[in-house]
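Worksheet for the structure shown next.
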Amino acid sequence: MDGSKERTFFHIFHAAPELLSSAPGRINLIGEHTDYNNGYVLPAAIHLRTYLLAAARPDNRVRVWAHDFNEEETFDVEAIVPSEKRCWANYVKGIFWVLKQEGLRLGGINAMIWGEVPLESGLSSSAALEVSVIKGLCALLEIDLLPLKMAKLAQRAENDFVGVKCGLMDQFISVFGRKDSALFLDCETLDYAYYPLNLKKAGLGILVHDTKVRRKLASSEYNRRREEASQALEVLKNKGARSYKDATTELLESAKGIMGPIPYRRARHVITEDDRVRIAVRALEKDDFAGLGVLLFQSHESLRDDYEVSCPELDLLYEVGREFPGCLGARLVGAGFGGSGIALIEKRAGKEFQKRLLAEAEKRGFPRPEFHEVAIGQGAEASKIKESGGS
Ligand code: GLA
């Protein structure tokens, strides 16, 4: 970071920042809509991050300057209520709120936030913001929290304060991400393991295709999918399955008649997606990227047809990817209903691929997509800022 953000902080608060923290957005290689179904996921942190500069205050006020919006929100740590006008502020307030719920005594702070993760793009800018705030607050106010607890509290802030019933994947990877590695997480036991992503050696890269489609109803549709998948699981439990992870497609077929077509399709996605994650991990162990790519395509088909969270703009990436020789796999990423997809692509074919996607999007009258060649980055970090004499 050059000194310009610190100078802006000084200009706004007339005091120097004491701490810088940051947390990454993520892609998810595979394992979509499986986290809240206690299944498997395989995400990776990306180089795009959200940042927080902060300094403690002697009172209970919190002043937060959102640099990207030129907006400020102020609140008292003893009276935290959601903001109607400024959505971004609720992710910050949610973290204070959840820490208070844990019985922690919090003082006020001055803070400035800004970010590189495109908003509402399926790359989890919300988890990046929550985690950068919790990581920064803990370092600034000397609160000792284990990384897992941090991730869980950030998720709770989003579930109970912001009101989106997300699973744990995004907050977990934003805390635990490791450079050039994917992270396999069992969302039931929370056991996890890192798998090196040797993409460079294989001449490959991950391209994010942001459709620029933003669906306002995405969070209610998301909560609805969650409901439907859990209804289906109740039926499977009556047939002897303990959870989705030990349900098989055979068991599902045997329950088809009593389940209803929608829960059946939701369950089929979850069961087959968990299988695909397990196979993907084995492919990664062998650097079998062709094998991984096939699984990506299959995951998209299942998300499109069974979980029904795709849209024409996301399907475009899949369709072009399927027939483009240098594209090994492609699928929507995150919750869906718009946002982004990822493609596993030969580096030398990347520009040509983008051209094809742009041309197709234009032909079909879709918004002009944006592309990000993402590097796999590190999880959340915080560091005290040394006094430099100047501002
Ligand atoms: C969003 C949620 C995650 C996960 C994905 C879908 O990103 O925040 O918890 O459910 O959607 O896999």
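Taken over the Cα atoms of the chain, the convex hull encloses 147 Å³ per residue. Taking GluC sites (Glu not before Pro) across region 61-93, the ones in a DSSP loop with at most 14 further Cβ atoms lying within 10 angstrom of their Cβ are E78, E84.
With all protein chains in place and ligands, DNA and RNA left out, the 1.4 Å accessible area ranks R368, R242 as R368, R242, largest first. Shown here for region 246-276: trypsin sites (Lys or Arg not before Pro) in loop regions (DSSP other than H, G, I, E, B) with at most 12 other Cβ atoms within 10 Å, of which there are none.
Which percent of the accessible area of the chain is formed by carbon and sulfur heavy atoms (probe 1.4 angstrom)?
Whole-percent figure for carbon plus sulfur exposure: 49.
Over region 262-309, accessible surface divided per residue gives 34 Å², non-protein components excluded, 1.4 Å probe.
Once you divide the Cα radius of gyration of region 200-331 by 2.2 N^0.38 Å, the number left is 1.18. Only the Cβ atoms of Lys and Arg (+1) and of Asp and Glu (-1) were treated as charged; on that basis the dipole of region 293-391 about its Cα centre amounts to roughly 420 debye. Take region 338-391 with all the other protein chains still there, run a 1.4 Å probe, and you get 60 Å² of accessible area per residue.
Computed from Cα atoms, the angle from the helix 261-285 axis to the main principal axis of the chain rounds to 80 degrees. Compactness check for region 120-251: Cα Rg over 2.2 N^0.38 Å is 1.26. Going by accessible surface with a 1.4 Å probe and the largest first, W65, W88 read W65, W88.
Charge tally for S383 (other residues, Cβ to Cβ under 11 Å; Lys, Arg +1; Asp, Glu -1): +1. Between G94, F172, G108, the Cα set farthest toward the positive side of the dipole of region 89-207 (charges on each charged residue's Cβ, about the Cα centre) is that of G108. Heavy-atom accessible area for R214, with the other protein chains in place and a 1.4 Å probe, reaches approximately 80 Å². Between the Cα long axis of helix 4-13 and the first principal axis of the chain there is an angle of about 60°, rounded to the nearest 10.
Summing charges over neighbours of L183, with a neighbour being any other residue whose Cβ is under 13 Å away from its Cβ, gives -2 when K and R count +1 and D and E count -1.
Taking every pair of Cα atoms in region 83-173, average 1/r, invert it to obtain the Kirkwood radius, and report Rg/Rh to two decimals.
Result: Rg/Rh = 0.93.
Amide H to amide H distances under 5 Å link R178 with A45, G379, where only residues 5 or more positions off or on other chains count and H is placed in the peptide plane. In region 316-385, inverting the average of 1/r over every pair of distinct C-alpha atoms gives 13.7 Å as the Kirkwood radius.
For the chain, the mean residue ellipticity at 222 nm estimated from helices alone is -13000 deg cm²/dmol, where every DSSP H run of n ≥ 4 contributes -39500 (n - 2.57) and the total is divided by all residues, rounded to the nearest 500.
The residues of region 36-90 expose on average 44 square angstrom of accessible surface per residue, using a 1.4 Å probe on protein heavy atoms. The trypsin sites (Lys or Arg not before Pro) of region 59-134 that meet both conditions, a loop assignment by DSSP and at most 10 other Cβ atoms within 10 Å of the site Cβ, are K85, R105. Annotation: for a label point projected 7 angstrom from Cα along Cα→Cβ of R214, residues of region 149-179 with backbone N closer than 20 Å are 158, 162-166.
Projecting the Cα atoms of L251, L204, P17 onto the charge dipole of the chain, computed from C-beta unit charges around the Cα centre, puts L204 farthest toward the positive end. Each residue of region 189-198 is assigned a 3J(HN,Hα), and the resulting list reads 8, 6, 5, 9, 8, 9, 10, x, 9, 7 Hz, derived from the Karplus form 6.51 cos²θ - 1.76 cosθ + 1.60 (θ = phi - 60°), x at Gly and Pro.
Cβ under 15 Å from R265's Cβ, R265 left aside: what net charge do those residues give with Lys, Arg +1 and Asp, Glu -1? Value of the local net charge: -3. Sequence-distant contacts, meaning Cα pairs under 8 Å at least 6 residues apart, place the relative contact order of the chain at 24 percent. Dipole check for region 142-297: with +1 at the C-beta of Lys and Arg, -1 at the C-beta of Asp and Glu, and the Cα centre as origin, the magnitude is about 480 Debye. Computed on region 90-235, with alpha-carbon pairs under 8 angstrom and 6+ residues apart, the relative contact order is 21 percent.
Ligands, DNA and RNA excluded, the heavy atoms of M112 present near 0 Å² of accessible surface to a 1.4 Å solvent probe.
Measuring nothing but how far apart in sequence close Cα pairs (under 8 Å, 6+ apart) lie, relative to its length, region 215-291 scores a relative contact order of 30 percent.
Report the charge-dipole magnitude of the chain in Debye, nearest 20, computed about the Cα centre from +1 at each Lys and Arg Cβ and -1 at each Asp and Glu Cβ.
220
The values are calculated or read from the model by the stated rules, or taken from the named source; none is laboratory data. Small disclaimer: the values here were computed from a predicted structure and weren't measured. Cβ coordinates were reconstructed from backbone atoms using ideal geometry, including for glycine residues, and neighbour counts include every protein chain displayed. With ligands, DNA and RNA removed, areas are computed over all heavy atoms of the protein, side chains included. Shrake-Rupley method; radii C 1.70, N 1.55, O 1.52, S 1.80 Å.
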